[in-house]
Each structure stands twice: as C-alpha cells, then as structure tokens.
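The values are calculated or read from the model by the stated rules, or taken from the named source; none is laboratory data. These numbers were taken from a predicted model, which means no experiment stands behind them. Cβ atoms come from the backbone with ideal geometry, glycine included; neighbour counts cover every protein chain shown. Quick note on the areas: whole protein, heavy atoms, side chains included, nothing else; ligands and nucleic acids left out. Shrake-Rupley method; radii C 1.70, N 1.55, O 1.52, S 1.80 Å.
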Amino acid sequence: MSIRGFFLFGKGVHFLTEAPIMKQLPNLSQLTFPAYRSLLKGVKIGNDDIFLEDRYEGVFINEEQRVAYRDLFEFSEELPLTLLYPLAQRAHLDLMLDKRFTIGVPGMVHLSNSLWLTAPVDHAKPFDLEASVHVETKKEGSLLPLLKLDYYQDGRQVAYCESRYLARRKSKVKSTRKEAEPFTISNIEHREHWSLIPAIAKEYATISGDSNPIHTSRLAARLVGFKKRIIHGWYNASRITAAAEKLKGKPSRRLDIRFLKPVFLPSELDLKIGGGEECHFLLENEKHRLVE
C-alpha cells in the first residue's frame, strides 16, 4: 500500500466564491450514525449533475483538541495546516447527508486532498465556511464526487480545501482506467519507519472527533468491505506533514496528497521525504505504495 504527494512551503493562492445561506456546523459524532444509514441509498445519479452547497458561520477550533493534536504529532506552530481538515470533513459529510445527494457515504473512497493556506490564520477566531459538492452525471461506471471548502476569517479567505472521492458503481462496460505512473523520489532527504498499532487509531479518533468505527472495530470495517481495521487517512497526512516540517524547519502552506490504498492495522510502514521547496513524499509498506 502507499500514499504519496508533496508540500509547498511558498506563497498562498487566493480564491473567490459567492456565499449561500449560513447554518451551524454539526460535530462528526452527530454525523456518524446518519452516514451509516445512508448506505441504503446505494450509488445513484440521474440525468443531471449533483451540485449542492452550504455555508457555516461562527465555527471555532476546539482549544483542547488543538493542543492535544499539536502534542500528538509534535507540531511547532499554534495551528498546524492539517488541523484545518477536520472542519472540511465535518462540512463535507454534512453536505453528503443531504437527501439530494443520492450516494451512500459508507464505501466511498477518499482518493486525494489538497489543502492550502491563502492568508494568515488566527486559531482563536471563528471561521465562516463555504462548502460545495459536485458529482458529474454519467450512465456507466463509478462516480467521482468533488468536494470543496473555503475558510474565511473577518470576511477574508484564509484557506481552501479540495477533496476527490470515488463512489464505485457496477458497469456493463469494462473499465479502461490505468494505474498511476510509478512515483519516485530522486533526492530523498529523510527516511523513517512507522509501526502502527490499533491503539493509535483510538487515540486519533478521540483527538480528531472522527469516530468512524471502521478505524476501531473489526466488525464495522468488514461491513464496508475491509478485511481489517484501517488507520485514518488524515492520521497519516498529519504525521507526514509533521515530519516534513521538522525536516524543513518551517510550517507548510500547502499539502497535496493521494491515498492509493487503505492502511490496515497493524502495519509496518516506511516514509520517504524529498528535498526542495516542493517537498515530495511517499509512504509504503513492503508490498504496496500507500500514500503519495
């Protein structure tokens, strides 16, 4: 299994969006059961694309969560870039539970994520969030929902998140999708070995609020098609980011990551991090590339 990707430690990019009506952002614990109930929807789409959007106001990052998260991964900055993602996760899941989103959440695969800082962020101030999901209609084959989130403070955009998912759907036409080109890092500056045990998933679930039982329960994992429990994808993203920032001696402003295969628990993994301003990384085990 493998994960691969890169960081950018340079300047941010600004995006502009229009704002729909605001609402309150639910916690992940409020969304977990409705998400599993959505399994009954299957994977469906009509003749038109699915496009939904929502806006959430006055969203704070929990101070206890922020401190525990920093301590777990040993980040140096007050608000690590990757701690912004749990807000996107909550907004995106809430949006996907709308009755107009005709795809069941369980079994959807998180393929990739981009997270950018576009301006300085104050962890003590609230965020206003603008979320959207777009699924292009197609008669055959799997669907690829695209979810976006813009973060605002004091009326100014400060960050942007984009997530791509896969919703598998049976097709009469044989897939012609090709595997991604092999990814290599020619200028490796850092290597480290990870030994992931199931207790790590429980600790991260408590800190992040992501209580999806596929990470902590063998039965729940098997119910959605996994042979074992899997570690949270964002645990890997956070730990990789922390390692890269220690190597570079400064915080990252952008993370682009692809999740190639699930990381089962327990696992023995190897992380490789390259040099340069665009800092590439690869997480793999002895058989597969997992994250890049």
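Tabulated data for the structure shown
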item: Share of carbon and sulfur in the accessible heavy-atom surface of the chain [1.4 Å probe, %]; result: 52
item: Check: the chain dipole with +1 on Lys, Arg Cβ and -1 on Asp, Glu Cβ, in debye; result: 1580
item: Cα-based equivalent ellipsoid of region 143-269: semi-axis lengths in Å, sorted from largest, via gyration tensor; result: 26, 22, 20
item: Burial ranking of peptide ranges 253-262, 128-137, 84-93 (average Cβ count within 10 Å, highest at the top); result: 84-93, 253-262, 128-137
item: Globularity ratio of region 61-143, using Cα Rg and 2.2 N^0.38 Å; result: 1.36
item: Extension gain from residue 37 to residue 77, taking 0.36 nm per residue of separation minus the Cα-Cα distance; result: 10.6 nm
item: Accessible area of the chain divided out per residue, in Å², using a probe of 1.4 angstrom; result: 51
